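Taking it in order: structure first as structure tokens, then the write-up.
The values are calculated or read from the model by the stated rules, or taken from the named source; none is laboratory data. Since the structure is predicted, the reported quantities are computational estimates derived from the model, not experimental observations. Positions of Cβ are generated from backbone atoms using ideal geometry, with glycine treated the same way; all protein chains shown enter the neighbour counts. Note: areas computed on protein heavy atoms with side chains; ligands, DNA, RNA excluded. Shrake-Rupley method; radii C 1.70, N 1.55, O 1.52, S 1.80 Å.
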Amino acid sequence: MADFRVRVSTGKAFGAGTWDKVSVSIVGTREESPPLPLDNLGKEFTAGAEEDFQVTLPKDVGQVLLLRVHKAPPALPLLGPLAPDAWFCRWFQLTPPRGGPLLFPCYQWLEGAGSLVLQEGTAKVSRANHHPLLQQQRQEELQARQEMYQWKAYNPGWPHCLDKRTVKDLDLNIKYSTAKNANFYLQAGSAFAEMKIKGLLDRKGLWRSLNEMKRIFNFRKTPAAEHAFEHWQEDAFFASQFLNGLNPVLIRRCHYLPKNFPVTDAMVASVLGPGTSLQAELEKGSLFLVDHGILSGIHTNVINGKPQFSAAPVTLLYQSPGCGPLLPLAIQLSQSPGPHSPIFLPTDDKWDWLLAKTWVRNAEFSFHEALTHLLHSHLLPEVFTLATLRQLPHCHPLFKSTGIGIEGFSELIQRNMKQLNYSLLCLPEDIRTRGVEDIPGYYYRDDGMQIWGIPSSLETREALVQYVTMVIFNCSAKHAAVSAGQFDACAWMPNLPPSMQLPPPTSKGLATREGFIATLPPVNATCDVILALWLLSKEPGDRRPLGTYPDEHFTEEAPRRSIATFQSHLAQISRAIQERNRGLVLPYTYLDPPLIENSVSI
């Protein structure tokens with residue numbers, strides 16, 4: 001007979017404790033013990049508790065390999081067994097009669113009655129599990145996970161996703177926590193009520209004026225949103241949003257003008273100034289292009305019974321000498337030049353030029369929401385997550401109010417999936433491919449490259465390290481960069497209109513203030529989108545910043561040192577970003593490490 005001490009830690013979250021009875025079987029190299037009840041006087045396994053139990057094994061099981069955890073509802077006299085509940089177990093610590101304690105990390109919900117097998121916490125690749133029982137347990141765990149987390153095709157041409165019909169069908173371990181879920185719906189309810197009281201959610205007509213739009217702009221203002229309101233008509237601010245706005249991934253250096261974008265020297269002379277030309281600036285590398293061609297011919301939505309419109313613009317930008325601002329030179333609102341697709345210029349009438357820029361901003365909204373945000377920062381991370389759950393053992397409301405709707409979103413995703421490649425997902429390669437290594441004031445690039453920081457140069461592991469870094473970066477930092485600023489950009493709706501009610505202009509000289517307002521989305525659609533983007537930009541509690549790991553899966557000293565080093569590096573990056581931001585008119589905060597979630601969280 002042998003006495004073991006078992007220490008059990010229960011999570012602190014709401015509902016983490018259990019009334020169920022828990023027992024353990026200790027699996028050794030010789031045999032497996034019978035279930036050993038973990039039972040003290042009074043109630044066990046309350047939320048946040050760490051409790052000690054003494055168990056006696058009838059026989060020596062040999063060297064401990066596994067811990068099998070059993071959970072079942074208690075039986076009450078006359079009433080029989082109670083309905084089983086859920087329990088969040090953090091870890092078990094097993095101390096044998098001889099030798100040091102063994103830690104078995106769990107960090108998962110155990111729902112209902114059943115059992116769970118845990119390995120001691122030392123990280124192991126498959127070949128390190130020498131004992132047949134360990135190999136068998138590994139295979140059984142993977143098989144169970146693959147049965148629980150199955151693939152399905154949500155739409156043709158989309159990435160595959162988890163085969164579940166609704167959120168209610170999800171396993172507790174991949175759901176929002178109760179607190180986070182409650183916070184999300186409380187925030188949504190309060191914001192909805194505020195809009196309802198203002199009488200805006202049910203108004204299907206046009207805005208009466210830009211001044212009237214200020215009524216909704218007062219809804220949860222932020223410093224960045226106020227900056228957008230004050231500067232949205234300025235060319236420098238328009239251009240800066242390609243670098244540090246919510247879609248900082250499309251701008252690329254222009255080495256030659258596309259054949260379908262016939263800009264001439266005479267068109268841009270007033271911005272370029274004397275003594276230079278388009279060809280000279282192309283050779284210098286000071287011209288940049290933003291091409292929304294993927295939107296060409298996309299299916300559009302119907303809002304309030306009215307068909308919406310979309311454009312596929314091309315925008316030419318100029319980096320002025322020295323530390324001057326990036327400026328727009330020319331905008332064409334289609335991919336087909338001709339008499340009905342003029343090239344708009346800064347020297348045009350104020351409303352012609354402003355309307356052209358606003359069409360570009362609408363294209364930015366569609367591209368960002370469908371591709372940069374939904375596809376690259378949600379659907380692809382779901383692929384990574386689901387593949388991890390299946391292959392590694394344990395050791396959106398926007399659609400109804402946007403200009404392109406669900407069918408347009410689906411078309412865009414199908415088109416972009418055909419173009420998607422590995423390099424696009426790796427920030428250093430993406431920056432090099434787009435030729436934007438040295439454009440000044442590109443804080444998405446500067447901060448993102450610091451956070452990317454591949455931590456190893458071992459050639460035999462380089463590809464693996466880059467791949468894992470790509471997954472971590474896209475699921476954390478990139479998601480923060482393209483998600484957290486959605487409300488900032490859209491709170492003043494003319495800066496980022498989600499839909500356009502009139503077609504793009506086919507000639508110059510006809511735009512007016514009234515026509516500009518008539519082109520913008522109706523009141524109710526504006527409110528729907530601003531509400532949604534406010535919620536999507538706001539973390540609903542239970543925040544876990546990048547580098548924070550409350551679940552201690554690693555028990556060895558080496559990975560703990562690596563985590564501490566990583567956290568120290570992130571702290572240095574944060575201090576440098578905050579120091580730089582103190583000198584900026586509009587601070588770039590989206591990639592400040594304390595504001596980045598460990599993973600996609602909303």
Please report how far the C-alpha centroid of the stretch 103-173 lies from that of the stretch 532-576, rounded to the nearest whole angstrom.
24
What length, rounded to one decimal in nm, is gained on full extension from ALA2 through to THR276, with 0.36 nm per residue of separation minus their alpha-carbon distance?
89.8 nm
Rounded percent of accessible protein surface that carbon and sulfur make up, the stretch 531-602, 1.4 Å probe:
55
Considering every Cα-Cα pair within the stretch 302-389, what fraction, in whole percent, is farther apart than 21 Å?
51
For the stretch 309-368 and the stretch 487-521, distance of Cα centres in Å
13
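Under 10 °C and 1.306 mPa s, how fast does the chain diffuse according to Stokes-Einstein, given a Kirkwood radius computed over C-alpha pairs? Answer in µm²/s, whole number.
Working: Rh = 27.3 Å.
Stokes-Einstein gives a translational diffusion coefficient of 58 µm²/s.
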Pull out the extension gain between LEU41 and GLN187, defined as 0.36 nm times the separation in residues minus the alpha carbon to alpha carbon distance; nm, one decimal.
48.4 nm
Over the chain, with the other protein chains present, what is the accessible area per residue in square angstrom, probe 1.4 angstrom?
46
Debye intensity ratio I(q)/I(0), log10, the stretch 485-543, q values 0.24, 0.25 Å⁻¹ (C-alpha model)
-0.96, -1.00
Using Cα-Cα distances under 8 Å and only pairs 6 or more residues apart, what relative contact order does the stretch 308-395 have, in percent?
21
Tell me the Kirkwood radius of the stretch 470-602: reciprocal of the mean inverse pair distance over distinct alpha-carbon atoms, in Å.
18.0
The Rg/Rh figure for the stretch 164-260, Cα atoms and Kirkwood Rh, to two decimals is 1.12
One finds the C-alpha centres of the stretch 200-214 and the stretch 219-260 to be spaced, in Å, by 25
Starting from the Cα-Cα distance between GLU226 and ILE174, subtract it from 0.36 nm times their residue separation and give me the gain in nm to one decimal.
15.1 nm
Expressed in Å to one decimal, the Kirkwood Rh of the stretch 245-355 from all distinct alpha-carbon pairs is 15.3
State, to one decimal in nm, how far the label point of GLN143 lies from the label point of LEU76, with both points 7 Å from Cα in the Cβ direction.
3.9
Using a 10 Å cut-off on Cβ atoms, rank the peptides 183-189, 470-476, 342-348 from the highest mean neighbour count down.
470-476, 342-348, 183-189
In percent, what relative contact order does the stretch 2-121 have, based on Cα pairs under 8 Å that are 6 or more apart in sequence?
32
Run the accessible area of the stretch 216-362 with a 1.4 Å probe and give the carbon-and-sulfur part as a rounded percent.
57
Please compute the Cα-Cα pair-distance distribution of the stretch 2-121 with 5 Å bins starting at 0, giving whole percents from short to long.
2, 11, 22, 25, 19, 12, 6, 2, 0, 0
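Restricting things to alpha carbons, find the Rg to Rh ratio for the stretch 1-57 using the Kirkwood radius for Rh.
Over the Cα atoms of the stretch 1-57, Rg/Rh equals 1.02.
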Note on the stretch 187-327: alpha-carbon gyration tensor, axes a ≥ b ≥ c; rule is a/c under 1.5 for rounded, else prolate if a/b larger than b/c, else oblate; result prolate
LYS204 label point, 7 Å along Cα→Cβ, cut-off 13 Å on backbone N: hits in the stretch 518-556?
522-525
Value of [θ]222 nm, deg cm²/dmol, for the chain, DSSP H segments ≥ 4, -39500 (n - 2.57) each, nearest 500:
-11000 deg cm²/dmol
